[in-house]
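Notes follow once the structure below has been shown.
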Amino acid sequence: MHVIRGKKEGPIIFISAAVHGDELNGIEIIRRLRKLNILKRLKGTLILVPIVNVYGTMTLSRYMPDRRDLNRSFPGSIKGSLASRVANIFFKEIVSKCDLGIDLHTASIHKSNLPQIRTNIKDEFTYKLAKAFEAPVVLHSELRDGSLRQTAQEEGIPILLYEAGEALRFDETCIRIGVKGVVNVLRELNMLPLSKRKSKKLPIVTRSSQWIRAGESGVLRTIKALGDIVKKDEVIAYIDEPLGDASFEVKSLFDGIIIGKSEIPLVQEGDAIFHIAKFKNLEVAETKIEYFSEEIVYKNGVDELHNEEIIE
């Protein structure tokens, strides 16, 4: 891990990645973050942990060697399984000493996520920071048993969860939004100087979302992409019989925006294929999502923070 301590007192924040070993975007976000010149003006302390699940990253696996999910093993135990022991060390030695955390994730294998912040939007403090991050979507997310976020919240340590991109892949747009988002949160907490930029990008905020599942088995032919606005009963994909002529429609169950989707064209009945966040005012949603087009993200000021050569 890397500990960056400012010359002046301030909050202690941890940024973690690869709790799931195959979720790699966060590793690159932290690598770029720690090289930013603006961190020389930091107030407080930043603890950067680019790879929490070292075992999983080495084997390109989401899980620990014992096949346990590290993000379902908190708070852990010094006498438990390997996953439990790693969770216990990470929580006691790092998380418990912090005032706030940002945990960086991607979608699971063969799925991709639109950049989004998941947190408790009922809490005024975390909701304010979630909006300050300036990801396209802020999604209210309930706590899951054994997760880092649940355990930290029980100890009074709020966590922002950044979900963006696909497992085992770098996504340049997701990485740039992540780097700038972390800086935005640090600015909101007065740990970094405020930006001269006056306008802020307002995310789409939603309280609920749902996965659309395949009603048939076959070959998935998608019509809609991540970030697309969809209406209730609109056709978003087809499932075709691989050896026949039959084709089945996949329709949206409600108005909203696609924030996650399957990236593998072969599906079985019941597979989750589209994750749609509910949003009634589609005109407003479409206007907001335009702020996060690839062209605009590339001009969003990350290079001004530190003029580093970017990995394409």
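The values are calculated or read from the model by the stated rules, or taken from the named source; none is laboratory data. Only a predicted model underlies this, so the values are computations on that prediction, with no experimental measurement involved. Note that each Cβ is placed from the backbone with ideal geometry, even for glycine, and that neighbours are counted across all protein chains shown. All accessible areas refer to the heavy atoms of the entire protein, side chains included, with ligands and DNA or RNA removed. Shrake-Rupley method; radii C 1.70, N 1.55, O 1.52, S 1.80 Å.
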(request) Using the structure shown, list the pairs from LYS224/LYS251; LYS122/LYS280; LYS35/LYS180; LYS92/LYS128 with a Cα-Cα distance above 18 Å, or answer none. (result) LYS122/LYS280; LYS92/LYS128
(message) Test of understanding: what is the full-extension gain from ARG5 to LYS196, defined as 0.36 nm times their sequence separation minus their Cα-Cα distance?
(response) 66.4 nm
(message) Need one number for the range 1-70: average projected area of the convex hull over its C-alpha atoms, nm².
(response) 4.7
(request) Hey, can you find the accessible area per residue of the chain for me, probe 1.4 Å, expressed in square angstrom? (result) 49
(request) Compute the projected area of the convex hull of the Cα atoms of the chain, averaged over all viewing directions, and report it in nm² to one decimal place. (result) 16.7
(request) Kindly list the residues of the range 174-197 that lie in the label zone of ARG41, defined by a backbone N under 20 Å from the point 7 Å along the Cα-to-C-beta vector. (result) 179-197
(message) Between TRP211 and ASP233, what is 0.36 nm times their sequence separation minus the Cα-Cα distance? Round to one decimal in nm.
(response) 6.5 nm
(request) Run the accessible area of the range 208-280 with a 1.4 Å probe and give the carbon-and-sulfur part as a rounded percent. (result) 48
(message) Kirkwood Rh and Cα-based Rg: tell me the resulting Rg over Rh for the range 61-161, rounded to two decimals.
(response) 0.98
(message) In 10 Å bins starting at zero, report the fraction of Cα pairs in the range 208-280 per bin as a rounded %.
(response) 23, 55, 20, 2
(message) Just to be sure I understand the model, the point goes 7 Å from the Cα along the line to the Cβ. What's the resulting LYS92 to GLU263 distance in nm?
(response) 3.7
(message) At 0.36 nm per residue, and after removing the present C-alpha to C-alpha distance, how many nm does the segment from VAL284 to ASP123 gain when stretched out fully?
(response) 55.6 nm
(request) For the chain, find the longest principal axis of its Cα atoms and tell me its angle to the long axis of helix 82-93, 0 to 90°, nearest 10. (result) 40
(request) Between beta-carbons, use under 13 Å as the cut-off and find the net charge around VAL49, counting Lys and Arg +1, Asp and Glu -1. (result) +1
(request) Might you report the magnitude of the Cβ-based charge dipole of the chain about its Cα centre, with Lys and Arg at +1 and Asp and Glu at -1, to the nearest 20 debye? (result) 1720
(message) What do you get for the angle between helix 124-133 and the principal long axis of the chain? Use alpha-carbon atoms, 0 to 90 degrees, nearest ten.
(response) 80
(request) Per DSSP H run of n ≥ 4, the term is -39500 (n - 2.57); total these for the chain, divide by its residue number, and report the mean residue ellipticity at 222 nm rounded to 500 deg cm²/dmol. (result) -6500 deg cm²/dmol
